[in-house]
Each structure stands twice: as structure tokens, then as C-alpha cells.
1. Evaluate 2.2 N^0.38 Å with N set to the residue count of the range A:333-382, then give the Cα radius of gyration divided by it.
2. Of A:Pro106, B:Val133, A:Ser167, which is farthest towards the positive pole of the protein assembly as shown's charge dipole, taken about the Cα centre with +1 and -1 on the beta-carbons of Lys, Arg and Asp, Glu respectively?
3. Take the alpha carbon atoms of the range A:319-355, find their center, do the same for the range B:1-61, and report the distance between the two centers in whole angstrom.
4. Considering amide H positions built from the backbone, and no H for Pro or chain starts, which residues 5 or more places from A:Arg31, or on another chain, come under 5 Å of its amide H?
5. Please state the charge dipole magnitude for the protein assembly as shown, taken about the Cα centre, from unit charges on C-beta atoms (+1 on K and R, -1 on D and E), reported in debye and rounded to the nearest 20.
6. With Rg and the Kirkwood Rh both taken from Cα atoms, where does Rg over Rh land for the range A:7-65?
7. Using just the alpha carbons, could you tell me how many Å³ per residue the convex hull of the range A:75-403 encloses?
8. Which of B:Met46, B:Met111, B:Met255 moves most in a GNM of chain B, Cα contacts under 10 Å?
Amino acid sequence: MEKKFFQTSIKDSLFTGLIALALFGPIVGLRTVAKNEVLEVHPKWLIVLIIVIVCAVGRFLTNLYVYNRDQKTGIQSSIGKSISNFLDTKGYQIALTAIIFSVIFPFLPFTDRYLMDIAIMMLTYIMLGWGLNIVIGLAGLLDLGYVAFYAVGAYSYALFAIHFGWSFWICLPIAGIFAAMFGVLLGFPVLRLRGDYLAIVTLAFGEMIRILLLNWYQLTKGPDGLTGIPRPSFFGLPFKSFPDEGEQTFHTFFGVEYDPMQRIIFLYYLILVLALITNLFTIKIRRLPIGRAWEALREDEIACKSLGVNPRNTKLTAFAIGAMFGGFAGSFFATRQAFISPESFTFIESAIIVAIVVLGGMGSQTGVVLATVFLIGLIEVFRDFESYRMIAFGGAMVLIMIFRPRGILATRKPTITLEKSSSK
Amino acid sequence: MDTAYFLQQLINGVTLGSVYGLIAIGYTMVYGIIGMINFAHGDIFMVGAFIALISFILFALTSIALPIVLLLTLLIAMVFTACYGWTVEKLAYKPLRKSFRLAPLISALGMSIVLQNYVQAAQGARIKTLQPVIQGGFTFMEDTGFTVSLSYLQIFIVLVTIVLMAIFTLLITKTALGRAQRACEQDRTMTALMGINVDRTISITFIIGSSLASVAGMMFVMYYGVIDFYIGFLAGIKAFTAAVLGGIGSVPGAMLGGLLIGLIEVFWSGYISIEYKDIAAFTVLVVVLIFFPTGFLGKPDIEKV
């Protein structure tokens, strides 16, 4: 028995090695390099050999130690469970600590410009994740074109601010409304489609918006992008080192030295507040009838219909509200960068936001934060390994679906439960 | 002039449509058998194009006759790309058969990102150019002011597509394998009870789909002469549109849909606007899904409790 098992294991790992050779042999082993405009092939057999051996040995070892066991104890799921248990009991304290930490973060001694930039980026993704969580996590609609609303928000903010000179606080709601309108416009015809069709249509919509931005040169300046987007001001007080004659700036008004960090810190608090508003909104709306209808619709559409919930309108509100927050995040992005171009709104951005929501556990607000810190941190740490980090990123999506299909923090607790009555 | 221009668009459209049709078969078959959109299929097509490219470059160093080179490249691309399709199914989709509905789609999305970046890492991000493999062709209607050209390459592409599709239709309608596939589409549990290896049937479906996509990849690299790691994304969406247009789950529908999408795209860029040619396919996708989601030859999808 033992010997037979050993034999099949060896056969199996040899087969794995053969498959690995077929997979990696041509693509990795024969690298095409252009020389004088003619492609040449440069063999790299050593790497292929290493990969093949790693695959075969790895397969052998997993056969021996993992599949050989009687019961499968998924280590991932037990870790995830203990994390979510921990968060359930201590959730409030942890959230409070995290908020306090993010409030004092700009004044911590080790915080520098680089860390602040990363923190602002993470908060932008957290906000986008929370916005998309309304669509995916609560309403259960897989939206692969979320970046379209981000783009609509960014462009409408930029265009209004450049052409009309309106301030950030006027343009922000306008950008949100525009994005929400696009959400309704797109959602109205397509929301009755089934889950996976909806995903593809939203993806196509996202690409259509990008192509439109790329080619509508009169309005969007096409691939050149929009430059000179006004920087935000502190309630009318701009951040400038040399103010114009008679102009009040932030540092003259408060009588402090000018420091370029002041603007960065202001931007940081701006996105922190915007993100927290998104979160608060989601937490509150989950307890309102509309939020309950979203979650019910996610679980069982037919049952909802029979109970008189209008699926189209309910989904449409989720879509529009998610789009609105995407639009807010977009206008923040535009004011922070002062430059936007269609390059920033590619499909991969949508994929990253979807991955954040999925990885964190659909519907879990804390999960979005953890997933963002993990994923964006990963992307930052491996900044020099552009394609390898994206391989790890895609691979993580596959693994999460296999081992924790509901995300790391998969809490699908109903937001309302009936109290057990004491009298029998 | 006008007829000549129209004829030229028609020729180009049919050629492009053949490529889309070949990819669309992979989408439609996988959808038929396990009910998921194989989002990574476009990238499988891209891998096939790269393998064909590498094979062409290697054969260019030898002095083998052109027809044999074409045949060998076809076989090499099919075999190696089929390995990719098989592995992707085993790694990313098989463990998710009983998971919730969106899980395979998200997993496929991850797989698509992996494949794209893997090819980028292994082969570099620059575009790859292939010298024309088949040159020459017919020209006619020269006297009208617009010369219509029909290259040997276009004839080759359409002929190979027709032959492969004929073989393939026979495979599905006449053999035991085809019967097993159709049975799996209807009811997997019952099929398993009847003694058919469902897992193997699904694997074979992926292998067939991937090898047809690799043929499309080979055609693509020969026709355009330029590829990069990103071609799978757009081609994938367009082929998916073709599959939906023809009626997802139906193999003749995929061929028909591919042909139509190819024609629509070419005529759109020829008569309306070349910048917005990708929007044509997306618009068709949205319109078809909204107004007749069953497509031309598809069966209506009944939602059960």
C-alpha cells in the first residue's frame, strides 16, 4: 500500500514536471529579443530547468504531506476565522485605534513625504474599496468597470475647476452627481442582466469611457491629459510659498513658516474625512430598509421579487451610490495630481479595486482596509518588479477564491437577527 | 470605386471574423459545459500567438519548406497552448465548481492578470514584430481607382478556419466525446451516473478551446505581424461578444457571431470612424445583451429557484 502510493506519487510528479516543461519551455525558455528590427531567440534553459524541478519536487512533497492526510485542515481558513472572530469581539476598539492612529499619523516622528504619499494613495483605494463594497459586497453586483466612475468624477472635477474656476467644495458634489448620473445611465439598461453578464458589460462600459476620453480631443485633450487642475485651498486660503500682493495664504493667515508638507497634510486629512464619510454612510445605510433590501437581493433575488422588492430600482440605487463615491474619490485624485490622463483609468485599476473588495471579504468594511494595506503595500514594496508583483497579485486572487471564496474576513452575518425570546 | 472599397472591407472583415470565431468557440464551449465565462481565454489566445511567433522565428533559421513550417507551427501552437488551457482549468476553475456563482469569474480574472504579466515578464513588454510569412496575393478591379487585394494569407486564414471548424463540428456531433460533452451540458450529475468521466470531459473541452484559440493567435500574428502581451484583452472581449451574439453555448452560433463581429468592426472603421472601432464591438455587446441575450442560435436561459 505504502509502496504503491510512493510509486504513483513519483509518476505524478514526473508528469507535473513534463507539463511544467511544456508550459515554461517555450515562453520562458525561448525569449524573443529584437535585434536590428529582426527578432532573435535567446534560450534561457537554466531558468526553465529550475522551474521544472521546483514544480516536480513541490508536487511530490505536496502529495506526500498534504494530500496523504485523512482530513484536510485548511490552514488559511482557520487563520481567517480566528482573525474575524477577533475582529468581531474587539471590532469597535480596533476601529477606534485605527482611526486615532490615522488622525495622528502625519505628526508621528517617522512620517516623511514618501510615507505620506503612500498613506494618501492607500486612503484613496480604501475609499474606492468602500464605495465599490456597496455595489459588490452589499448588493452583490460584480462591477468590473468601477474605474469609469472614478474617471468621470476626476474629469468632471477637472473640467469644471479649469473652465469655470469653481472651488473644490463646489466641484466635489458636482463630480459626485455626474458620476452617479453615469451610474444610473449605465445601470438602467444592464442591471437586469445576470451576474457574470453584468460583469462583462460593466467592463466594456469602463473601456468605452476610457476610449472616449482618449479620442474626444476637444474636451479631454486626449492622451495628453488635462493639466493645471487647481490645487485645493484651505477654505479659501491657498498653499503658496510666495503669495501675491495682498493675498492671504495658509501660512500668513496662521502666522507659521511655509512648508510644502502643509498641503500634503491637508490632502491627507481631506481624503481621510472623505473615506470615513463613505464608511459611515455604508454602516448607516445597511440598517435602513434600502440597505436591507440590497443584502436580501444579494442572497436571493427571486425571493425578494416575491416579497415586493423592486430589484431594478434597488440595484440602481446601489449602483448610483457606489458610483457617486467613486466620483468623489476621482475628484480628490484630480486635485491631488493636478494632472489627469486616460492612462490612470485603465482596466487594471478596476481589477485592483475589485481585488481589494474580494480579498477583504465582500461586505466587510474592515476587510477592505486590511486588503488595501496588504495589496497596496505589496505593490509599493515590489515597485521595481512591475510584472512579478502583478503575477503575485493575480495569483492571490485565484488562491483567495479557492481557499476563502468569501474573502479573508468572510463575515456574512445578517445585519439583523431576531432576539431569542425568554418565554417559551 | 465604392463597390471596390466595399469588397475590400468584406474581404478584411471575413478574415478578421475567422480569427474572432475561432476564439469565440472556446468561450461558448466552456460556457456551455460549466456555465462560466472563462475570462482568461483571451490571454490563452495571446499565449498561443507568442508560441506561434517563437516557432516561426525558430523555423526561419532552418530551410524547411513553407507548407511544412505552417503545419508544424500550427501543431506546436495547438499542443503547447492546450497545456495552458488544461493547467488553468485544473488550477483555477476545478476547485471552484461548487463555489458561489461569481467565484470562478473572479478567479478567471486573476488568472488573466497572471498570464498577461507572466508573458510580459518572460518575453518583455515591447511589441514583437514578425516578418511576413506568406507574401503575395491577387489584385483585381484596378480600373476603378481602388485596387482590391486578396492576399494568399487571407485565403489561408479563411481556409484553415473552415477546415478546423468542419473537423470540429464533426467531432461534436458525431463522436462519443461530443455526446459526452453535450450530456455534461445538460446534467452533470446524471452524466456521471451514466459512467462518463465528467472531469475528463471538461478538461478536453478546455484543451479543444485553447488549441483553437492558439490557431487564432497564429493567424493574428501572421495577419498583423505585431503582437504584445496585451492583445488578449481586447480580442478576448470581442470574441466573447461574438459568442454572445451567436448565442452562448452554441458552437455554430460562435462561428456566425465571430464572422459578424469581424464584419461590423471592419465596416465601422472603414465607413464611420477608425478611432472608435473598439467601441463598435462594445456597443454590439451591450445592445445584444440587453435586447436579445439569447443571441441568434442560443437557447433561452430559465432561472430556477
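Here, each number is a calculation from the coordinates, and none is a lab measurement. All values reported here derive from a predicted model rather than from experimental measurement. All Cβ positions, glycine included, derive from the backbone under ideal geometry; neighbour counts span all protein chains shown.
1. Numbers: Rg = 12.5 Å, N = 50, 2.2 N^0.38 = 9.7 Å.
It is 1.29.
2. Most positive-ward Cα: A:Pro106.
3. Taking the Cα centre of the range B:1-61 as reference, the centre of the range A:319-355 is 32 Å away.
4. Excluding prolines and chain starts, which carry no amide H, the hits are A:His42, A:Lys44.
5. Details: 52 positive and 41 negative charges, 568 e Å.
Roughly 2740 debye, rounded to the nearest 20.
6. Values: Rg = 14.9 Å, Rh = 12.4 Å.
Ratio of gyration radius to Kirkwood radius: 1.19.
7. Working: hull volume 52.5 nm³, N = 329.
Convex hull volume per residue, Cα atoms: 159 Å³.
8. Maximum among the listed residues: B:Met111.
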